[in-house]
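Quick note: the coordinates plus some simple rules give every number you see, no bench work behind them. Computed from a predicted model, the values in this text were never measured in an experiment. Every residue, glycine as well, gets a Cβ built from its backbone with ideal geometry; the counts of neighbours run over all protein chains shown.
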């Protein structure tokens with residue numbers, strides 16, 4: 001490992017790559033340390049029988065203003081602009097059409113109340129109408145969107161994201177993870193499988209202790225997850241306690257994905273979607289044959305994702321197949337085979353899906369994004385004021401942190 005540099009970037013996910021791209025070519029020595037043996041962080045495209053499947057982020061959210069869209073097209077990636085099937089229940093399976101419409105209307109009404117009459121408690125659950133018949137459905141959606149139940153979601157934080165979103169969601173047939181990993185700048189030093197063990201700021205240099213040695217730098221950009229920053233796996237200096245407290249108020253939700261392989265004839269039509277159970281807050285939601293691939297992508301959030309953690313992946317696969325069989329008929333069991341599963345909650349250097357602010361703590365995002373003495377700078381999706389939980393929010397935060405470092409160095413000169 002190089003033992004001295006101008007700037008060290010901790011983490012090679014979308015934020016770290018964004019920072020590295022911004023700093024490349026400026027005449028500064030930059031080193032990126034990544035705990036995982038690969039690039040991308042929570043963006044990960046895995047090939048299964050030649051099919052690129054995203055175990056992490058998979059959709060270009062707010063795609064019309066998402067900088068990854070422009071980066072993808074400039075690099076020659078195909079961007080699929082077809083409308084998603086997320087808001088449609090294929091064949092109205094599982095419930096009469098009127099019930100699907102009523103559940104959707106309940107979600108729309110809750111979202112509108114958050115914007116127009118935000119609860120004084122800042123708890124998203126307190127914007128739910130008393131006696132709401134569709135509470136289980138709202139909790140399931142909260143799990144997919146935020147990774148946790150409405151009781152633990154800041155209403156103001158959710159509304160900030162919702163107001164900023166353009167609701168345009170596009171995809172990359174080659175995989176979002178493929179794009180992000182491919183954009184790492186070639187002229188920046190990269191050390192994979194190199195976790196940070198301790199950070200020291202006692203002397204004139206920032207010291208980063210890793211199993212491969214100690215790296216000394218003038219400044220560091222930290223893009224580690226809030227789980228890692230708030231936790232004890234890395235030894236942090238006491239001076240960072242306010243940043244660690246902010247991170248604790250922005251926990252990572254529980255979000256996991258399963259992929260079922262479709263084998264032989266089946267009733268599954270390409271580019272369709274079903275919600276597993278309208279009345280189950282732990283229900284999976286299933287995107288069927290994306291891009292025509294012979295797979296079903298199962299999204300689990302909140303209680304559903306915790307089932308993966310607590311009961312194991314085989315149980316989660318069995319439950320997903322049970323839900324699909326209840327909708328499409330028992331014969332589909334013969335056509336479904338477990339294929340891939342994420343494990344974001346069990347990945348030591350990550351620890352969950354994406355951040356949400358706890359009630360009363362939306363301001364923690366701004367606190368977490370503030371630099372420490374022009375020596376330590378913070379990036380990652382959790383530091384973005386409106387585009388948190390997204391790969392483009394992470395990218396933009398990395399660019400912001402890189403500009404802050406450059407400005408600090410300019411002041412020194």
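Data overview
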{"read-out": "Coarse-grained scattering of region 288-394 at q = 0.15, 0.23 Å⁻¹, given as base-10 log I(q)/I(0) from a Debye sum over alpha-carbon atoms", "value": "-0.82, -1.26"}
{"read-out": "Region 91-164: relative contact order in percent, alpha carbon pairs under 8 Å with at least 6 residues between", "value": "33 percent"}
{"read-out": "Two-site FRET efficiency, residue 270 against residue 112, from Cβ-Cβ distance with R₀ of 30 Å, rounded to 0.05", "value": "0.35"}
{"read-out": "Per-q log10 I(q)/I(0), the chain, q = 0.07, 0.11, 0.12 Å⁻¹ (Debye; single scatterer per alpha-carbon; no solvent)", "value": "-0.33, -0.81, -0.96"}
{"read-out": "For region 91-164, convex hull of alpha carbons as volume per residue, Å³", "value": "97 Å³"}
{"read-out": "Value at 222 nm in deg cm²/dmol, rounded to 500, when DSSP H runs of n ≥ 4 in the chain each add -39,500 (n - 2.57)", "value": "-10000 deg cm²/dmol"}
{"read-out": "Contact order relative to length of the chain, as percent, for alpha carbon pairs under 8 angstrom and 6 or more apart", "value": "25 percent"}
{"read-out": "Folded to 0 to 90 degrees: helix 135-146 orientation relative to the chain principal axis, Cα", "value": "30 degrees"}
{"read-out": "Between helix 97-116 and the chain: long-axis angle, C-alpha atoms, 0 to 90°, nearest 10", "value": "30 degrees"}
{"read-out": "For the chain, share of DSSP beta bridges that run antiparallel, in % to the nearest 5", "value": "65 percent"}
{"read-out": "Peptides 262-270, 62-70, 384-392 ordered by average Cβ neighbours within 10 Å, highest first", "value": "384-392, 62-70, 262-270"}
